[in-house]
Each structure stands twice: as structure tokens, then as C-alpha cells.
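These notes concern the structure reproduced below.
The values are calculated or read from the model by the stated rules, or taken from the named source; none is laboratory data. From a predicted model like this one, the values you see are computed outputs, not experimental measurements. Quick reminder, even Gly has a Cβ in these numbers, built from the backbone with ideal geometry, and neighbours come from all protein chains shown.
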There are 2 protein chains.
Amino acid sequence: MNDPFFRLLQQDAASGARRGRLTTSHGTVETPAFMPVGTQGSVKGILPSQLQATGTQMILANTYHLMLRPGERVVADLGGLHEFACWPGPILTDSGGFQIFSLSKLTRVDDQAAIFRSHIDGSTITLTPERAVAVQEALGADIIMALDHVIALPAPRQAVLDAMQRSLRWAARCRAAQQRPDQRLFAIVQGGLEEDLRVQCAEELSAMDFPGYAVGGLSVGETPAEMYRILDITTPHLPLEKPRYLMGVGRPIDLLEAVWRGIDLFDCVMPTRNGRNAMAFTHHGPVRIRNCRYERDARPIESGCPCPACRFPRAYLRHLFMSREMLGPILLTLHNITYYQRLMQEIRQAIERHAFAAYYYERKAAWESASDDVTAAS
Amino acid sequence: MNDPFFRLLQQDAASGARRGRLTTSHGTVETPAFMPVGTQGSVKGILPSQLQATGTQMILANTYHLMLRPGERVVADLGGLHEFACWPGPILTDSGGFQIFSLSKLTRVDDQAAIFRSHIDGSTITLTPERAVAVQEALGADIIMALDHVIALPAPRQAVLDAMQRSLRWAARCRAAQQRPDQRLFAIVQGGLEEDLRVQCAEELSAMDFPGYAVGGLSVGETPAEMYRILDITTPHLPLEKPRYLMGVGRPIDLLEAVWRGIDLFDCVMPTRNGRNAMAFTHHGPVRIRNCRYERDARPIESGCPCPACRFPRAYLRHLFMSREMLGPILLTLHNITYYQRLMQEIRQAIERHAFAAYYYERKAAWESASDDVTAAS
């Protein structure tokens, strides 16, 4: 029960929500938690010290990108990802599976390996489950992910089944290939939108007793309602005492809905990517800062927000984007990560004070009543 | 003598170098001082708090750019440049003269005005000395600059003479147009590479008793030796008790040479622009961080440097540039501004301890003995 890696501190009475704590050699992570994405070993435009100030506990880095550039041997020679990128806290690396199927030109996938062409120089690269683990061991993250076979949705049932079964076999091979004892390997539940395949995959992986489980293959084209349905039927088949990570999700509302359904860990490019594109998240809905209504607006994006962007008037932030100044994307990225981390902190506190259901309904109502850029009129 | 705006604290015995202090309503500036350039109201990629941590006391913003976008009325409506850009320290705005002659399509210049087309939307804009002052009063900097007529060098003597005489007349009109009592208007010495015209211009402007003087029209195509010669003959004709500002200069060696010749204030895009282009300044010469010799280099750019970039291994900084990550330009910009500010601090301290000449020769010898990227072998 009291696994020193993950401790389940509290379960919500009204929902599947949980308070937990991950303990790694690079520090603890209070869950539910959100990981900003540092694709190439850098959360775009943000210094580690700035990232820590947002409340970020743990970051994600992409194995696929780092394997291609600078190469995992370079990172290992520098002492691993923590030393290379000067991020002192916990790190999770994905397996490369998702990027192989989304970014690269995939040439072939069979039981042995995925063979693909690099999106950087077109060279042919073979990724086996064993190599995915070896690369992640060289990178040295605290949590590493099993290689899985991700397919776009919707997909024919037979294709979903094949990919799910391959992901199961690859998860076993990843575990067998593990040599470093200090990294925690998470397995990934696949099965598309097929409820029975999701249940089967969750149960087979649970029987293999991994230190943590991810729900993968979502946020790849399905509706939010379909995603919530898959979470509803999947999480009850995962071990209660192990952390659960929903990969690549999502919008603030998706995080809230997934916590309700028992998810502990998230990553997504949305706060960073949307920030670079001039969209700021707030409790009152999105603020699209290029909008001309902000030309002379002296207010911060969100009053009460402690982030560096909210020390500036909206008029200045708008000016930065209109003038294509780098500081605009930097500041809105900092705001959005801070927003996500504040949301996660509020969720954790609501669970702690046995008030998560009230928080959940209140938060949803506030978002739903907020029209786009409603704060301009407030 | 003891002008409350500028206090000449100390004069070097062996050179023209001076220690001084500017006092503005937004704080003091210890001179000699270097101002990073925030062209559009932002030092590219750098937060005000980060800029303060580099040792930056004062920044420069470009009237030309801010007049075109967002427009000086927007800035004024937000409370002026300090409030708009959240820079609490002193600010200097240039007059727009240099940008009109370098960036825009100049359609006509006569005694009345410069008429040019905006580089943003091609619209026709008329800038008179009176309007240059009005715009700078709306922006609200602590130091504002007279409109001058800048010409590219080399130029025929008659053209240099005409531009110099026009600059004199415009300086007088700028002063007559001034309405705000809280801004200090600096006049600009022109005269190209013609020694007698520089002397004449310096003397005529000195007789008009401005609170400060700039040397303009340099770093526009002439050699360093020509620039130093012009400084040698110009600064003796400027009042000893007034601050002297060399506009748009320059390389670290140029700052050292100009301090030797009695200059107190500098601005230049070089540390920021070169930083964005992967070139770092050090006491041992430049480091071009994209060089493949840094692929696995665990050392910082410059050991002992307190800047945020020097917490990272060179290998990581190289990776950021090779991967086109924004953090690379941000970090090298921070390093270079820190380098310039450390250089200015060393210069100030050397003057204070009556050792500027020794510092000057030592620093020049170190730079001259440093081949490009010499630190890689050290």
C-alpha cells in the first residue's frame, strides 16, 4: 500500500478524485499535478527558475526529439537531462511512440520495431522497445514510459486491437530491458474508443504490476465526451495505489474532468503553445491579447494572478504581440503555466478539504458562463 | 558645477576618463554606464527584473518605433513609458533622427522637417524638431534627445556641413519646444569626420548650455580609428560638468576607448543582437556557441560570470541554438548584457581606485591576445 514512490493520501467521497504524492530522487510531486512540456529539453522561452516560480513540480521531455538532437549520448555525457538542462526537479520522458506516429514519416511498424524517418534530416531510425528504454536510461529521467503503438482515431476495431496487443507485448519487453533501478517505468493503456479493449488492456497491464499507469491514445481526434467516457470505464480497472497519468491532455476543463475520474498526472503543450499564440487562460475564460479592445487596457490579464505577465498592462502585452517582440510569447507562456498550476493547486486543496465536488461544479459554471474575452467587459 | 542632474565625481589623471552620477526622478545612474536598447519598449526577450539583475541602470527606447507602433498617445494614456513597459528605472529616448535616416524611406528633408514613409505601413510621416519633442514628452523618458540630421559616412564636406548646421538649428528649436520641466534634453554633436566641423558644432552647442551632450553620427561606416580620432578632438570642446553620451557604440573595446576619451554614457544593440545570433562576449574574446567544439562542453560560457546563462553547460546552450529554441537567444542576451555591465562596473571601479590606465592596457592586451573562441582551449 504505502509504496515509497507513490502515496495515495486521500480519496474524494463524491468522485474518483485523489490526492497523492510521488517521491523521486529529485524531489516530490503533489498530485494531481500538471507537467509543462519541454520538448527539446526546454520549456520554450522559460528559464528553470521561472518555471519553478509558476508552481511547476515536474516537467516532461520528449525522447523522440532528444534522441534525434542532440542525441542521448550527448545528454548522458553531460550527466543526464537534469544536469544538461539544469532542471533540478523530477522529469518524465515519454517513449517516443506518440511522436513517431505523429511527427515522423513512419515507414513500417511490426512486432519487432517501429521504423521511421527523422523529421530533421530524413535519416532512417529503428525504435524497438529495448532501444526506447535504453535511450530513456541514457537521458536519465525519474519516470520513463513504455513504448506504445499509437493510432489516430477513429480507427477500425481490428487496427485498434492490433495496436493494443502490440502495446501490451512492448510493455513487457520494456520492463525486461530495464537496467537502471532508479527509474520508474510506466505502462500505457491503449484501446482507442473500444471500451472492452480499454478494460482488457488496463487489466492485463495491472496484472504485470508496473509502478505507474498512463492512459494513452486520447486527445487524438475524439470528442471530449468520448475521452471522458473512456476514462470512466478505464480508471476503475487500474490499481488504486498506483499513479495514473493521462497523456497529452488538455484544456483546463479536461484536467478538471479527468481528476474527477481519478487521474493524477497530466502533460500538455496547450498552455505553452497557446501562450505563444497570444491566448491567455483565465478563470473567466480565454483572453486573446491581440484583440484591439485591449489597445489601451491598463488592467492585468487576470487580477490577483501572481505571474510575471500580470504585472504588465494588457495594452503592453498586446503591443508586444503586435510588434512581434519575443517577450510577448514569453510572458503569456508564464501566465498560462501559472494558470494551470494554480488550477491544480486549487484542485488539490479542494480535495484536501473534502470539497472537490463543490469546486468542480463551481469552476465548470464559471468557465461555461464566460464568453470569449468576457473579462474585457467585467 | 554641482548640477543636481549630473555630478562629476572624479577625473582620471592619465586619461579623459570620468566617474559621474546622473540623478533622475526614476533613480540614479553611475557613469560611465551602458544602456541596453529596448527598441519597441522591450529589450528583446528580457523581463525588467532580469534586466535589473544584469546591473542595468538605465535603458534606451526608440522614439521612431514607438511613435509608429503603438503610437505615443497610447503610451501616454497608459501613464508613459515607465508604466507601460514596467521599467522602474531611468529611460532615455532618442529623437527618431537616426532611424528616419536608416530604416525608413526618406522622401524629403529640409529645414522645416524630415518627411518619410513608415517602414511598417508605408504611410507618410512628417517629423519636425517640435514634433520630436512632443512625442518624447508623451513617452515621458527621463532624458530626451534633440532631433538631428544624420548622414552616412563617408559624405562630401558640404553635405556634412549642411547636416551639422541643420542639427544646430533643430537643437535650438527642440529646446524652444520643450514644455515638460522634468525631462533633460541632450543636444547632439554632428560633423561627420570633419574635425573642424565637429569642434564648431561642439562649441556652438556648448554655448547653448544643454543639460547633456551626445556625440552622434558615428558607428555609421567609419573605421574605429576614425571614430576614436573624432572623439579625441570633440570631447575637449564639451563642458566638463555635463554628461557625454556616445550614441550607438559599440564593441567592448570601443566602450573602453571612448571612456578613455571622456565619454560617460553608451547604448548599442550589439550585446542583444549578437546574443540572439549565438555570439557571446567574454574577457577572453567571443564565443560562437554554435561551434561544434562545444557539443559536449560542460563548462559555462565564462567561469565566474553571475549571469543566468552561465549556470548551463555550453553543450546545452549550443543545443538550444541548434534546435532553434527561444531560450538560446534569451540566455545569450542575458549573458552579453551582463558582460557589458560587468565591464562598465570594472571601468568605474578602476577609475575610482586611480587605476584606469592600468585597467585599460590590461583589458586591451587580454582581448588582443584572445583569438576567436580561445576559451575552448583554456
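The residues listed here are A:Phe5, A:Phe101; of these, the one that is modelled with pLDDT under 95, more than 12 Å from chain B (Cβ to nearest Cβ) and under 22 Å from A:Ala187 (Cα atoms) is A:Phe101. For the residues A:Pro129, A:Pro90, the requirement of being in contact with an Asp or Glu (Cβ under 7 Å, 6 or more places away or on another chain), farther than 16 Å from A:Gln40 by Cβ and at pLDDT 95 or above singles out A:Pro90.
Among B:Asn291, B:Asn336, which is the only one that is away from chain A (no Cβ under 13 Å), at pLDDT 95 or above and out of contact with any Asp or Glu (no Cβ under 9 Å at 6 or more places or on another chain)? Outline the logic, then answer.
On the way: B:Asn291 fails: out of contact with any Asp or Glu (no Cβ under 9 Å at 6 or more places or on another chain).
Among B:Asn291, B:Asn336, only B:Asn336 is away from chain A (no Cβ under 13 Å), at pLDDT 95 or above and out of contact with any Asp or Glu (no Cβ under 9 Å at 6 or more places or on another chain).
Take the residues of region A:83-96 that are surrounded by fewer than 24 Cβ atoms within 10 Å (Cβ to Cβ) and either among the charged types (D, E, K, R) or at the interface with chain B (Cβ under 10 Å from one of its Cβ atoms) (or both): which is nearest to the chain's Cα centre (by Cα)? Ranking the qualifying residues of region A:83-96, first place goes to A:Cys86. Look at region B:33-47: where a residue is more than 8 Å from chain A (Cβ to nearest Cβ) and surrounded by fewer than 24 Cβ atoms within 10 Å (Cβ to Cβ), no partner that is part of a loop (DSSP other than H, G, I, E, B) and at pLDDT below 95 sits 6+ places away or on another chain with Cβ atoms under 9 Å. For the residues B:Ala298, B:Ala280, B:Ala309, the requirement of being in contact (Cβ under 8 Å) with a residue 12 or more places away in the chain and surrounded by fewer than 17 Cβ atoms within 10 Å (Cβ to Cβ) singles out B:Ala298.
Take A:Ile351 and tell me if it is among the β-branched types (Val, Ile, Thr) and either surrounded by fewer than 19 Cβ atoms within 10 Å (Cβ to Cβ) or away from chain B (no Cβ under 11 Å) (or both). In short, yes.
For region B:316-325, the candidate set comprises residues that are out of contact with any Ser or Thr (no Cβ under 7 Å at 6 or more places or on another chain) and either of a type in the set (S, T, N, Q) or surrounded by fewer than 23 Cβ atoms within 10 Å (Cβ to Cβ) (or both); within that set, the residue that is nearest to the other protein chains (Cβ to nearest Cβ) is B:Ser323.
Evaluate the following for B:Asp148: is it of a type outside the set (Val, Ile, Thr) and under 17 Å from B:Leu106 (Cβ atoms)? The answer is yes for B:Asp148. Selection of region A:55-82 for residues being part of a loop (DSSP other than H, G, I, E, B) and either within 19 Å of A:Met326 (Cα to Cα) or within 8 Å of chain B (Cβ to nearest Cβ) (or both) yields A:Arg69, A:Pro70, A:Leu78, A:Gly79.
When A:Gly328 is tested against (1) in contact with an Asp or Glu (Cβ under 7 Å, 6 or more places away or on another chain); (2) within 11 Å of chain B (Cβ to nearest Cβ), only condition (1) is not met. Has region A:247-256 got any residue that is buried (at least 18 other Cβ atoms within 10 Å of the Cβ), touching a residue at least 60 places away in the same chain (Cβ under 8 Å) and part of a loop (DSSP other than H, G, I, E, B)? For region A:247-256, residues buried (at least 18 other Cβ atoms within 10 Å of the Cβ), touching a residue at least 60 places away in the same chain (Cβ under 8 Å) and part of a loop (DSSP other than H, G, I, E, B): present. Pairs linking a residue in region A:103-122 that is closer than 17 Å to A:Val220 by Cβ and among the hydrophobic types (A, V, I, L, M, F, W, C) to a residue that is modelled with pLDDT of 90 or more and part of a loop (DSSP other than H, G, I, E, B), with Cβ atoms under 7 Å and 6 or more positions apart or on different chains, are A:Val109/A:His149. Counting only helices (runs of 4 or more DSSP H) that fall entirely inside region A:108-221 and contain at least 3 residues that are within 23 Å of A:Leu66 (Cα to Cα) and of a type in the set (A, V, I, L, M, F, W, C), the qualifying elements are A:129-139, A:157-177. Scanning for something assigned to a strand (DSSP E or B), of a type in the set (Lys, Arg) and in contact with a helix residue (DSSP H, G or I) (Cβ under 6 Å, 6 or more places away or on another chain), does region A:11-34 turn up at least one residue? Checking region A:11-34: at least one residue is assigned to a strand (DSSP E or B), of a type in the set (Lys, Arg) and in contact with a helix residue (DSSP H, G or I) (Cβ under 6 Å, 6 or more places away or on another chain). Is there a residue in region B:267-279 that is hydrophobic (A, V, I, L, M, F, W, C), over 30 Å from B:Pro239 (Cβ atoms) and either within 13 Å of another protein chain (Cβ to nearest Cβ) or in contact with a Ser or Thr (Cβ under 7 Å, 6 or more places away or on another chain) (or both)? No, region B:267-279 has no match at all.
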